[in-house]
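Shown next, in structure tokens, is the structure this report addresses.
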Amino acid sequence: MSVPALQSDATARRETALWLAQRASAVVLAVCVVVHLATIFHAVRQGLSAEAILGRVRGEPGWAVFYGVFVAAAAVHAPIGLRAVLAEWGGRRGRGVDRALILLAAALAAFGGRAVWAVIG
Amino acid sequence: MKARERTTLAVDIWRGGVHGRLQRYDVPRSGSQTVLDVVTHIQRRLDPTLAYRYACRVGMCGSCAMTVNGVARWTCRTHVDKVAVDGGLELRPLANLPVIRDLVCDMGEFFDKWAAAGGRFESRRTRRDAVMRVAPDSPARRAVDAAIECIGCAVCYASCDIVTARPDYLGPAALNRAWTLVNDVRDGAPRARLAAVAGDAGCHACHTQAGCTERCPKGLAPTASIAGLKRAATRALLRGEL
């Protein structure tokens, strides 16, 4: 038998909060990915060199905010999605998995933030 | 030879428990023959050891569901003409449930999940109170109407890929039942029910693939009910009521 025990309020709050974070970050990513792809498409069509692109974005706070939000949304979205994949495909869940995924979120935020800083800062 | 000109139907039926094999029976065709008619013919005329379940034969009781040519269906209202492939049928027990024997599954897990999802009405009133009036055209009552006709056949449960991937997932039928109670203004345990359905094997595990809605023989939309539960749980969380 694999019927779940009655769920605690804390579990329900956590799962609902994660679901909300997943959906909200997806909305942000939908916008960010479209803007990012349009920008890349534009840059390629213009035949811009890496140097020319860097020249345009370096020191621009607007791009820093845009890509900072992009990185934050990805850092939230990816680990929650991976959590569902691990639970469904690998049968892996619980506190250990959640801790590892928090580390993954931190790593995504750190590496992404570093990239944003390197290009725009 | 066209299917409708055939005089017999080749029927392969699962025999055994978890381990078993398909056994072939040849069944005479007749007009407006249902899949349940075919199974009943086999059990009464060809092989009395065949185990299967049915009760009402008219689409009310929800006990005759089986896997027909790979798809979960209510067999009493499924015409052979509509589902036979090359003049044949392959019948297996429902997926996602433990097989007892032949076409019979253990439904205990399925109904235990209704209880785990808070599927029982909790009254706020006593027998001394007057009957509560519910406006039939209120949005909450309309939401109940859209989901209430479930007959508990488990076709949705057998068609759900999430149940296959996560065996403790409450499943479409139990969550659909909970949604009818979340919208029941007479109910006295809304908070406990939302906590029960919003856990880690509850409504948020649904991927909205809508296999349940596609296959529900009553034309219900458990996917919409589950989406409603997600919204209700999120609203409760944001209001600090979860």
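The values are calculated or read from the model by the stated rules, or taken from the named source; none is laboratory data. Everything quoted here is computed from the prediction, not taken from an experiment. Using ideal geometry, Cβ is built from the backbone for each residue, glycine included, and neighbour counts are taken over all protein chains shown.
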Odd one out for residue B:141 among (1) touching a helix residue (DSSP H, G or I) at 6+ places or on another chain (Cβ under 9 Å); (2) assigned to a helix (DSSP H, G or I); (3) in the same structural domain as residue B:203 (by TED's automatic domain parsing): (1)
Selection status of residue A:19, surrounded by 11 or more Cβ atoms within 10 Å (Cβ to Cβ), more than 13 Å from the chain's Cα centre (by Cα), away from chain B (no Cβ under 14 Å) and aromatic (Phe, Trp, Tyr): no
Flag for residue B:109 being within 14 Å of another protein chain (Cβ to nearest Cβ) and closer than 26 Å to residue A:90 by Cα: yes
Residue in segment B:164-186 that is in contact (Cβ under 8 Å) with a residue 40 or more places away in the chain, under 22 Å from residue B:124 (Cα atoms), surrounded by fewer than 18 Cβ atoms within 10 Å (Cβ to Cβ) and out of contact with any strand residue (DSSP E or B) (no Cβ under 8 Å at 6 or more places or on another chain) present: yes
Test: residue in segment B:196-217 that is within 11 Å of chain A (Cβ to nearest Cβ), among the small types (Gly, Ala, Ser), farther than 22 Å from residue B:112 by Cα and crowded, with 18+ Cβ neighbours inside 10 Å: no
Residue list for segment B:156-175, restricted to those being within 10 Å of the chain's Cα centre (by Cα) and not in a loop (DSSP other than H, G, I, E, B): B:156, B:157, B:158, B:172, B:173, B:174
Filter pass, residue B:235 being of a type in the set (D, E, K, R) and at pLDDT 95 or above: yes
Looking only at segment B:92-111, and only at residues there that are of a type outside the set (Lys, Arg) and part of a strand (DSSP E or B), the one that is surrounded by the most Cβ atoms within 10 Å (Cβ to Cβ): B:105
Criterion violated by residue A:13 - all others in (1) among the charged types (D, E, K, R); (2) within 20 Å of residue A:115 (Cα to Cα); (3) at pLDDT 90 or above satisfied: (2)
Test: residue in segment A:98-119 that is more than 14 Å from every other protein chain (Cβ to nearest Cβ), touching a residue at least 60 places away in the same chain (Cβ under 8 Å) and either over 30 Å from residue B:107 (Cβ atoms) or surrounded by 12 or more Cβ atoms within 10 Å (Cβ to Cβ) (or both): yes
1 or more residues farther than 24 Å from residue B:215 by Cβ: qualifying strands (runs of 3 or more DSSP E) within segment B:1-91: B:8-16, B:20-28
Tally of residues being within 14 Å of chain B (Cβ to nearest Cβ), crowded, with 17+ Cβ neighbours inside 10 Å and hydrophobic (A, V, I, L, M, F, W, C) across segment A:56-85: 2
Meets criteria (under 22 Å from residue B:10 (Cβ atoms), surrounded by 20 or more Cβ atoms within 10 Å (Cβ to Cβ), touching a residue at least 12 places away in the same chain (Cβ under 8 Å) and of a type in the set (Ser, Thr, Tyr)) for residue B:40: no
Of residues in segment B:194-204 being touching a helix residue (DSSP H, G or I) at 6+ places or on another chain (Cβ under 6 Å) and assigned to a helix (DSSP H, G or I), the one farthest from residue B:224 (Cα to Cα): B:195
